[in-house]
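Below is one structure, written out as structure tokens, with a few remarks after it.
Every number in this text was worked out from the coordinates using simple rules, so none of it is lab data. Predicted, not measured: the structure shown is a model, and the values here were computed from it. Note that we place each Cβ from the backbone using ideal geometry, even for glycine, and neighbour counts take in every protein chain shown.
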Amino acid sequence: MTTARRRRGRSIRPRGPLEFYSEMFQQEKNVLLQMNIHSFWIIFCVCIPKCLYAQNMCPEVRQQLLKDGFHRNLLIRVNISTADKSLRSCMVATKVHLPKGLYVDPYELTSLQKHNLTEALMMADNIDLEAPEYLAADVSVLVYMRPDPECFSCFRALLPLHCRYHKPAENDGKISTVLKSPDVLMHCQKFFLSLECLKETEIEAPCSQKNIHTCHWDSMKFKDVTEELKLQIPVGLKHHLMLVCTVTLATTILCSSLILSALFKHGCFSFVQSSQ
């Protein structure tokens with residue numbers, strides 16, 4: 001009877017503090033393990049699709065016009081939208097299509113290239129800088145981009161543009177010229193972007209303005225994040241034609257008369273008779 005009471009007393013003996021804290025620790029450990037598993041799946045389901053989406057994103061192109069008047073600067077920025085280290089082994093270029101109302105001065109490009117400011121190549125042999133808009137032709141310029149120090153996946157370039165003279169307008173003193181989106185070209189040793197960003201065409205062009213060797217450039221699909229660029233070019237009015245011609249002719253005659261009178265009044269003329 002005494003032995004049974006002792007056994008019964010042992011079975012209902014309360015747990016000690018060590019056993020209690022050990023059981024609590026085990027429960028907290030199980031809860032933390034379940035939370036870690038849930039956190040892992042949340043990160044996997046949320047972040048992995050974003051990373052895959054970022055890898056499949058095509059380049060973004062942004063164009064901006066600087067300055068006013070007949071002489072502008074076109075700032076081109078291309079964002080490849082990737083953090084792949086292979087990007088630094090790539091060369092990026094843009095093929096800018098200029099309408100008849102705009103042109104690039106090749107002599108200015110040569111000067112900028114000597115100072116290592118802009119690297120561009122004209123796609124046409126002869127460009128008439130003095131031709132008006134109605135006698136000119138469209139021209140394309142291959143602009144070689146440089147890495148943007150402010151953005152790892154960005155490339156940028158600055159292209160100086162000049163407006164041609166246009167015919168006089170009827171009423172408004174300005175004419176709009178639309179600048180189209182450029183073509184984005186890439187030449188990489190290891191291509192890492194999505195194949196959906198590739199166009200079917202492949203372009204052969206010089207590797208750089210200084211390197212005459214030909215490289216195979218991949219034409220890329222891109223997203224133009226800027227609106228359609230329009231240049232407002234100031235022009236004359238047709239009903240001012242007679243006034244402008246009269247003032248120009250009168251000014252030319254007056255200035256020529258003043259120059260000739262000054263020559264005859266203050267100039268020294270000596271006539272030398274040739275000996276036969």
State whether the stretch 168-276 is rounded, prolate or oblate according to the following rule on the C-alpha gyration tensor (a ≥ b ≥ c being the square roots of its eigenvalues): a/c under 1.5 gives rounded; otherwise a/b larger than b/c gives prolate, and the remaining case gives oblate.
oblate
List the lysines whose Cα sits under 20 Å from the Cα of residue 174, skipping any in the same chain fewer than 8 residues away.
67, 100, 230, 238
Suppose every K and R has +1 on its Cβ and every D and E has -1 on its Cβ; what is the size of the dipole of the stretch 120-276 about the Cα centre, in Debye to the nearest 20?
620 debye
Send over the Kirkwood Rh of the stretch 105-210, from the inverse of the averaged 1/r over different Cα pairs, rounded to one decimal Å.
17.0 Å
Of 115-127, 248-260, ordering from highest average Cβ density within 10 Å down gives 115-127, 248-260
